[in-house]
Each structure stands twice: as structure tokens, then as C-alpha cells.
1. Determine whether segment 140-147 contains at least one residue that is within 16 Å of ligand 2 (Cβ to nearest atom) and not in a helix (DSSP H, G or I).
2. Among the listed residues THR269, THR243, identify the single one that is of a type in the set (S, T, N, Q), over 23 Å from ALA102 (Cβ atoms) and surrounded by 24 or more Cβ atoms within 10 Å (Cβ to Cβ).
3. Assuming ALA314 fulfils every condition listed in (1) outside the structural domain of THR243 (by TED's automatic domain parsing); (2) crowded, with 21+ Cβ neighbours inside 10 Å apart from one, which condition is it?
4. Among the listed residues ARG32, ARG110, which satisfies the condition of being over 24 Å from ARG290 (Cα atoms), crowded, with 24+ Cβ neighbours inside 10 Å and within 16 Å of ligand 2 (Cβ to nearest atom)?
5. Does segment 106-115 contain at least one residue that is of a type outside the set (Asp, Glu), in a loop (DSSP other than H, G, I, E, B), at pLDDT 95 or above and within 20 Å of the chain's Cα centre (by Cα)?
6. Residues that are more than 16 Å from ligand 3 (Cβ to nearest atom), closer than 18 Å to PRO76 by Cβ, in the same structural domain as ARG110 (by TED's automatic domain parsing) and modelled with pLDDT of 95 or more: does segment 170-178 have at least one?
7. For segment 117-167, give me each residue that is within 16 Å of ligand 3 (Cβ to nearest atom) and out of contact with any Lys or Arg (no Cβ under 6 Å at 6 or more places or on another chain).
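The values are calculated or read from the model by the stated rules, or taken from the named source; none is laboratory data. In this text the structure is predicted, and so the values were computed from the model without any measurement. Reconstructed Cβ throughout: ideal geometry from the backbone, glycine too, with neighbour counts over all protein chains shown.
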Amino acid sequence: MPAITLVGAQWGDEGKGKATDLVGGRVDYVVRYQGGNNAGHTVVIGDQKYALHLLPSGILSPDVVPVIANGVVIDPGVLFEELNGLNKRGVDTSRLLISANAHLIMPYHRALDKVSERFLGKGRIGTTGRGIGPTYADKISRAGVRVQDMFDTGILRKKLELALNDKNQVLTKVYNRRGLELEPILEEYLGYAELLRPFVADTSLVLNRALDEGKTVYLEGSQGTLLDIDHGTYPFVTSSSPTSGGACAGSGIGPTRITKVVGILKAYTTRVGSGPFPTELHDEWGEWLRTQGHEYGVTTGRNRRCGWFDAPIARYATRVNGITDFFLTKLDVLSGLERVPVCVGYDVDGTRHDEIPMTQTDFHHAVPVYEHFDGWDDDITGARSFEDLPKNAQAYVRALEELSGAPISAIGVGPGRDQTLELRSLV
Ligand code: GDP
Ligand code: IMO
Ligand code: MG
């Protein structure tokens, strides 16, 4: 039975948390397959607002089994803080499963993330400072520490010794910082081990068996297509694969089991951190979008950079993810505009490009070519069907659909669970 993947189609913060929550009552498993607590997923249920960083958004749905799969990097301190925060609010988190193969964010990863960004100065990536990049770097260079290592004190000590030999040289000699002591780290992580043990499972096996039994598995991406290590605006990306291909490697589910790929697409564009962003607005309209859309980071509180909808980016997301359905979020934010600009292509040093240019240099030079659509004044936050939308809003949605290359199956008209027009079932 079906595995469904949800991916951010832009630079993150498209509304993935809300989209996952929306289907929460109709799926059996919600799986995080990459990233870590760099994510910030907001879910609004009635008058309650939740900000999830490491936990799958499905944790808020009582019948869902939430899974942190092998592709995720886990900061155990953050994990327990988040779990405790939810428990205090009456959320049952006991169903959570965590892969024994997931890698751990260690104190030296956080230290290196922060200090390397500082040294990059103006060239910095603008990371969330959570240690994500250094943890994935260690994973790839086969020097990482995994969840299962915490259950073998000898192995954990050995791995820490090897890591600190290397990291302390870098921290002290390259960055002029203090080195880290082994014993306190060992003690801290052995403490987490006992707390983690009840949650740890062979999650790939669990998920494949669930699929065999006809259960529905929902793979919740973090970040977005343009932040993907391979397909994003490298080096201004995160260090994992949020795109749909990453969902298989990151969860241990084969690609033949995935029947649907839902792309989450904001009705305009935002980005946090550095890197190219052709439709970014540096004028009062950028501020207008930020204020109307409450575009402030859930994880770092930074102002999000804002700009108009970029159709080549949506088409690119369709292509690299194999998107079958789009969920267009935040349409309500655009109410009140006389004309709504949409980027339909780029001018790169005098040459017209309909798709994202092949090289990053060209992408840095891309100047948007806009088409303008008639706006609408009405407040649409109470709309519950496509027909409730003003004609111009309907035309805007249809135009984005045409430009993006996949059907828009759901439309968000507010942050609430019920503020969604589901034109076709997302599950
Ligand atoms: P994520 O990282 O993709 O889960 O997205 P974030 O939670 O970081 O940012 C999306 C923000 O938009 C959150 O504050 C959501 O509550 C909010 N949101 C989601 N969908 C809609 C929508 O359709 N309209 C409005 N106005 N807000 C929305
Ligand atoms: P969600 O899941 C938006 C950005 C950071 C930075 C770059 C690398 O909420 O959409 P990292 O700490 O990952 O090494 O930072 O990626 N970034 C995000 N931007 N939403 C996110 O997550 C992000 N996670 C990372 O701002 O530019
Ligand atoms: Mg977010």
C-alpha cells in the first residue's frame, strides 16, 4: 500500500507542518527522513500552536506512529526537550520510533558549525547553528556516532576518543577555541541512552512491514528542494537530501513503494540564510509580504527574505522530485494586491531562460521576467471550497498550476487545520 512523500518545493517554510497535520487522521505512520532540528514546522490546531523541530508533525495526531528514520541527525538534548514540552501540553509521545542508524549531533558539531560560520564572514551560509552540516560531514566521512553506539559504552568511548583527537585539533589550532573534554560528553550521552532505548527500533523493517500490511506511510520532508545538497543552490544549502529521492535512502523504503509526491508550494517565495534568490524584494513590498505572511523563522527567529512567486523554481521542483500534486499554501496572504507579479522566466545577461540556469553564476545573475495577474481584495480566510474564492484568486491558482507543471490539489487560506481547500485527496 501507499507511501506518500511530502517535499518542500522552494527554500523551506512552505507549510509542510500544516500539510502533514492535515492528513494526520488518514495515515498510519509519519516519518522524518532527513535534516534535524534545523527544521521548524508549525502546526495550528484550534487555539493551540505547536512548533516542531525534530519530531515528525504526525506526533500531534493520536493514531499516527511518528518515526525518526535513519536519514535524520538527532541532537538528543533537543529531542528530550521537545518531547517534554509536548508531554507538558498533554500530547502523548510514547508511540515515537527512532532508527538505531540515525546519526547523533555531538557538542563538537554544534561548536564547529558556529565557529566555521563566523570564520566565513560575509561568505557565510547562514546556517541555523545546530550542528547539522558537521554531523552529516562526519557521517559521509565515516566518523559519525549513531544512536546504536550509545548502547555500547566501549564503542561510544572509542568513537568519542577518535573524534575528539581530530575535532580538538581543529577547534584549538584552526579556530583558536577551547577543546572539549571526553568524560562529560560520554556521561551526558550515556544518560540519554537509557532514555532513548524504549523508542529505538529497526524503523526500515517496521515501515516495510507496515506497507506490506496495507498501512499508509507518510514521509515528511524538511527544508526544501532548493536547499537540497545536490539539487539546491549549493553551497547555500543544507547538508542533506530533502528532495523525494532522499526519502528512500533516508527511511529504507524502496522507490517502487512511493505512489505520490506532494510538493508544498507557497503562493509567493521566502528564504532564510544566504544565497541567490531572484525574486527577492528589497523594497516595501518585501516588508509587506513579511508582515502579511508573518515571515519570521520558527527556529532562529530571523526575518525571512521575501519575494514573488517564481515559476521556474516550481517547475524545477516538479522535475527533480517527480511531484504528482501541489499543496499551494498562504494564498490568503496575497489578498489586497491590485496586481500580483509572477516570475515566469529569467533574463541572464541578456539571454532569456525559461528554466533555472545550469550554473550558479548564471543563477546569481538571473533577473526575473514578470507577468502580472489581477489581484483580489476579499478576505479569503473563510473560504472552504475553490468556488468560494474570488474569480481573480481562482485565475491566479490556475495560472500557477499551468506554470508549475503539476496539479494543485490543495490550497491553504490560513494557518488553521480547517483553512484548507482540498480539491483532490492528498492521501
Ligand atoms: P514548514 O517549515 O514548511 O512546516 O513551514 P513553517 O511552519 O516554518 O512556516 C509556515 C508558516 O505559515 C507557519 O506559521 C504556518 O502556521 C503558516 N501557514 C501554513 N499554511 C498557511 C496558509 O495557508 N495561510 C497562512 N496565512 N498561513 C499558513
Ligand atoms: P523547514 O523544515 C528554511 C537553511 C538555513 C541555511 C541553510 C543551511 O522549517 O522548512 P543548516 O543549519 O541546515 O546547515 O543551514 O539552510 N535552513 C532552512 N531554511 N527552513 C528550514 O527548515 C531550514 N533548515 C535549514 O537558514 O540557509
Ligand atoms: Mg519551517
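1. yes
2. Result: THR269 is the single residue among THR269, THR243 that is of a type in the set (S, T, N, Q), over 23 Å from ALA102 (Cβ atoms) and surrounded by 24 or more Cβ atoms within 10 Å (Cβ to Cβ).
3. Only one criterion in (1) outside the structural domain of THR243 (by TED's automatic domain parsing); (2) crowded, with 21+ Cβ neighbours inside 10 Å is unmet by ALA314, namely (1).
4. ARG32
5. Within segment 106-115, none of the residues are of a type outside the set (Asp, Glu), in a loop (DSSP other than H, G, I, E, B), at pLDDT 95 or above and within 20 Å of the chain's Cα centre (by Cα).
6. No, the conditions are met nowhere in segment 170-178.
7. Passing the criteria: GLY126, THR127, THR128, ARG130, ILE132.
Residues checked against (1) within 16 Å of ligand 3 (Cβ to nearest atom); (2) surrounded by fewer than 24 Cβ atoms within 10 Å (Cβ to Cβ):
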{"site": "PRO2", "(1), (2)": "no, yes"}
{"site": "VAL7", "(1), (2)": "yes, no"}
{"site": "THR20", "(1), (2)": "yes, no"}
{"site": "VAL44", "(1), (2)": "yes, yes"}
{"site": "GLN48", "(1), (2)": "no, yes"}
